[in-house]
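Here the structure is laid out as structure tokens; the discussion comes afterwards.
The values are calculated or read from the model by the stated rules, or taken from the named source; none is laboratory data. Just so it is clear, the structure is predicted and the values come from calculations on it, not from any experiment. Cβ coordinates were reconstructed from backbone atoms using ideal geometry, including for glycine residues, and neighbour counts include every protein chain displayed. Side chains are part of the model used for accessible areas, which takes the heavy atoms of the whole protein and leaves out ligands, DNA and RNA. Shrake-Rupley method; radii C 1.70, N 1.55, O 1.52, S 1.80 Å.
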Amino acid sequence: MQQNSLVGDTIPTSTPPNRVEVQLLLGQLYLNKKQFGQAFNLFAVAAQSGQPKALNMLGRAYEQAWGVPRSIPQAIKYFEAAAEQNDGWAYFNLGDLYLSGDGVPQNTHRAFFYYVQAANLGVNKALNMLGTLCEKGIGEAPPDQTKALLYFQAGANVGDCWAAFNLGRLALEAEDYSTAVHWFDQSIPYGFPDYWIFLKNYFQENGFPFSTRILQKIKIALQSTHSL
């Protein structure tokens, strides 16, 4: 794809890489403040460099409607441009679109392909998604829990909280309580506030006999975020 077709008719600049990183950082800060228009402007300027991280973030802006009308075709254009330069998160984002059928025909085979590319490029979160696809079945293929466990194990081994959670969930379904507790415990230090709240609700809603100790660990983890 020609770089000068990526942001309107703007000719790519010779922005040094460090300047692009600054633009992306500032854009993220504006996102955190929910100042989406300013974030979009910075991502659009950064993307003129043609650098994959910037192209991916501009794709995210179009996908999430951050300061611009939502446009999945535009999002895919930028994700694909970033993926052509081996940006793992761009592949991951394409996988999400095809998995959900958001603005494109749902295609689990294509989603699986994109998640494999993302995982090969170091996006650990993609391993959990591969496990989820295998557990549910890809296309007309039947579910394959053996492969799902392998992907979840690989994800958990590199610190993905959702992969560790899924190992705990599957162990719980198999009534292997000691393994379930191990992986639920392991997921907590890998996690983040939204995950801890999810895990807290999961235990409170299901009332497992070992919930109290894990809920206490979640409480401590959540308190630690308030003290930062």
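Worth pointing out:
- Kirkwood estimate for the chain, i.e. one over the average of 1/r between Cα atoms, Å: 19.3
- Shown in residue order for segment 110-116 are the 3J(HN,Hα) couplings computed by the Karplus curve 6.51 cos²θ - 1.76 cosθ + 1.60 at θ = phi - 60°: 5, 4, 4, 4, 5, 5, 4 Hz (x for Gly and Pro).
- Within straight-line reach of LYS125, meaning a Cα separation under 13 Å, sit the following aspartates and glutamates at least 8 residues removed in sequence or on another chain: ASP96, ASP160.
- Exposure of ARG19 as accessible area (Å², to 10), given a probe of 1.4 Å and all protein chains: 140
- Summary of packing: across the peptides 35-41, 49-55, the per-residue average of other C-beta atoms within 10 Å ranks them, highest first, as 49-55, 35-41.
- Residues of type lysines that LYS53 reaches as a straight line, Cα spacing below 16 Å, ignoring anything fewer than 8 places off in the same chain: LYS77
- Which of VAL158, VAL20, VAL68 is most accessible, then next, and so on - probe 1.4 Å: VAL158, VAL68, VAL20
- Its DSSP H runs of at least 4 residues, each contributing -39,500 (n - 2.57), put the calculated 222 nm mean residue ellipticity of the chain at -22500 deg cm²/dmol, to the nearest 500.
- Intensity falloff of segment 124-206 expressed as log10 I(q)/I(0), Debye formula with alpha-carbon point scatterers, at q = 0.16 Å⁻¹: -0.57
- Surface per residue (accessible, 1.4 Å probe) for the chain, Å²: 52
- Each of THR146 and THR179 was given a label point 7 Å from its Cα along the Cα-to-Cβ line. The distance between the two points is 1.5 nm.
- Sequence-distant aspartates and glutamates (8 or more away, or on other chains) whose Cα lies within less than 14 Å of LYS217: ASP185
- Accessible-area composition of the chain, carbon plus sulfur, in percent [1.4 Å probe]: 53
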